1. Provide the net charge surrounding Met365, with neighbours chosen by a C-beta distance below 15 Å and charges set as Lys +1, Arg +1, Asp -1, Glu -1.
2. What's the angle, to the nearest 10 degrees (0 to 90), between helix 30-43's Cα axis and the longest principal axis of the chain?
3. Starting from the Cα of Asp400, step 7 Å toward the Cβ, then list every residue of segment 359-382 with an amide N under 11 Å from that point.
4. Dipole magnitude of segment 56-166 about its Cα centre, charges +1 at Lys/Arg Cβ and -1 at Asp/Glu Cβ only, in debye to the nearest 20?
5. Compute the distance in nm between two label points, each set 7 Å from the Cα along the Cα-to-Cβ direction, one at Glu72 and one at Glu245.
6. Take the Cβ-Cβ distance between Asp185 and Ala133 as r, set R0 to 22 Å, and report the resulting FRET efficiency rounded to the nearest 0.05.
7. Work out how much length Ala370 to Ser196 would gain on full extension: take 0.36 nm times their residue separation and subtract the Cα-Cα distance, in nm to one decimal.
8. Looking at segment 241-312, which GluC sites (Glu not before Pro) are in a loop (DSSP not H, G, I, E or B) and have at most 15 other Cβ atoms within 10 Å?
Amino acid sequence: MVVRGPAYLWNCHPEACPELAEGRERRISFSEAYDQVRRELAAAAVPEPKAAEVFAAHLEILEDPMLKEAVEAELEAGKPELEALDAACSGICAMFSEIDDEYLRARVDDVRDVFGRLRNAMLGISRRHEVPAGSVIVAEELLPSDTAEIDFSSIAGILCRRGSSTSHVCIIAHSKGVPIQLGVDISGISDGDLVSVDDPMVGPSSIESKVRAAGRKLYVNAGSVDDIRAAIAAGADGIGLFRTEFLFLGRSAMPTREEQKALYKEALEACAGKPLTVRLLDVGGDKALPYLPMPREDNPFLGLRGVRFLLAHTELLEAQLGAIADAASAVPGSQVRVMIPMVCTVEEIRRVREMLNQPLELGIMVETPAAVLDAASLAAECDFFSIGTNDLTQYVMAADRGNSAVAGLYDPMSPAVRRAVELAVSAAHASGIPVGICGELASDPRATDFLLSAGLDSLSLSRL
Ligand code: PEP
Ligand code: MG
């Protein structure tokens with residue numbers, strides 16, 4: 001999203017504004033400043049609980065004996081007070097920067113913030129901001145306590161020269177839907193200049209807006225009922241892939257038909273009348289079930305997986321189909337779509353339909369080259385297609401989806417896979433059935449234009 005507004009220069013840190021700090025004499029001593037900052041932090045009255053947390057964390061940093069000890073050590077070494085403060089700050093920040101954890105490394109900002117506050121107190125610099133509504137805050141950098149002072153509901157955006165995507169200001173700005181741009185050359189911007197902020201992370205995602213503009217359906221993939229609730233709350237048109245294997249994995253015994261029914265019922269209720277595409281158990285390949293014998297295979301991805309496994313364990317398939325049908329009739333107004341994984345032949349669809357024995361929508365994942373090449377025959381046997389580009393890519397390119405040695409070949413946007421997608425779409429449409437995509441490619445903004453122009457009726461994203 002791009003926003004524009006008049007610049008408000010937020011130059012308050014001595015580091016950010018050397019002209020403020022240079023040549024200034026300290027007004028109060030380190031220990032006086034320490035007491036003053038402690039009082040300020042303890043009394044900080046801020047409207048937001050998140051901001052209050054910042055000040056509480058800063059008070060903790062201030063009161064950590066390490067801070068005082070570091071400054072005192074520099075003073076004992078004979079440094080003047082301001083220099084001692086800066087040296088202690090650099091030493092502690094350097095220690096934090098060594099930590100092998102991005103989140104903790106980003107907390108260096110909090111340490112610098114506390115030292116900046118002490119420095120300002122020693123110099124007698126007070127920080128008061130009256131940011132006019134609709135402004136774009138322009139800063140060298142915004143530290144956590146700056147962030148706590150900002151009223152995000154009234155500003156248009158933020159431009160900063162420094163800062164990382166994990167910095168406090170970035171996280172808060174994004175959570176409030178405020179665009180922020182980092183790494184911007186802000187020299188030359190004066191107060192009141194009209195500036196713009198370009199932040200692709202804010203605003204309706206490019207995928208969402210393009211799909212909506214093209215009048216196609218926006219679905220979400222889910223692995224749990226909580227995922228479904230979140231997707232529907234975020235405005236999804238339905239669930240394009242409900243991966244039921246999570247129900248079956250990580251257990252010591254098969255879930256009964258009753259247990260499954262309860263879960264599908266909950267899932268349908270969470271969908272609130274929007275379509276729920278329940279994919280039949282997709283195990284085999286790299287996914288095993290501890291309570292079912294799965295003989296070792298030399299090529300498990302070419303072995304007994306997906307619908308092949310189900311047709312080899314019909315008791316399992318029967319229980320699942322029965323549970324889905326029971327749940328559908330228990331939730332009036334629900335729209336359930338049953339989806340078969342790893343289909344290669346017409347026969348596989350016919351056998352599942354026979355066992356389903358209910359007038360429910362039945363579709364297939366198009367994720368094998370056989371399904372693409374014989375798409376016309378398969379489309380005549382089912383009610384919808386959903387293209388699974390995760391597997392389709394590995395089978396079309398003969399490149400294992402988990403093998404980094406062939407990751408270069410595993411490209412869902414390679415000409416061969418794109419051609420496969422186009423063939424599946426035209427076969428579906430020739431047969432008058434809808435076709436969507438539920439592979440990860442749907443969530444890649446670089447693929448959206450291609451997928452829409454290929455004619456897909458729905459995109460099912462990993463999240464909204
Ligand atoms: C796919 O293969 O594209 C897909 C969506 O299924 P999974 O990733 O679960 O194999
Ligand atoms: Mg798959």
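1. Details: positive: Arg243, Arg279, Lys287, Arg305, Arg308, Arg337, Arg401; negative: Glu245, Asp282, Glu348, Glu361, Glu367, Asp374, Glu381, Asp383, Asp391, Glu440.
Cβ neighbours under 15 Å give a net charge of -3.
2. Compared with the principal axis, the helix lies near 40 degrees.
3. none
4. Numbers: 11 positive and 23 negative charges, 95 e Å.
Using Cβ point charges on Lys, Arg, Asp and Glu, segment 56-166 gives about 460 debye.
5. That separation, rounded to one decimal, is 6.0 nm.
6. Details: r = 26 Å, r/R0 = 1.18.
For Asp185 and Ala133, the calculated efficiency is 0.25.
7. 57.6 nm
8. On the way: sites: Glu245, Glu258, Glu259, Glu266, Glu269, Glu297; in loops: Glu297.
The qualifying sites are Glu297.
The values are calculated or read from the model by the stated rules, or taken from the named source; none is laboratory data. All figures in this text were calculated on a predicted structure; none of them were measured in a lab. Don't worry about glycine lacking a Cβ; one is built from the backbone with ideal geometry, like all the others, and counts go over all protein chains shown. Note: areas computed on protein heavy atoms with side chains; ligands, DNA, RNA excluded. Shrake-Rupley method; radii C 1.70, N 1.55, O 1.52, S 1.80 Å.
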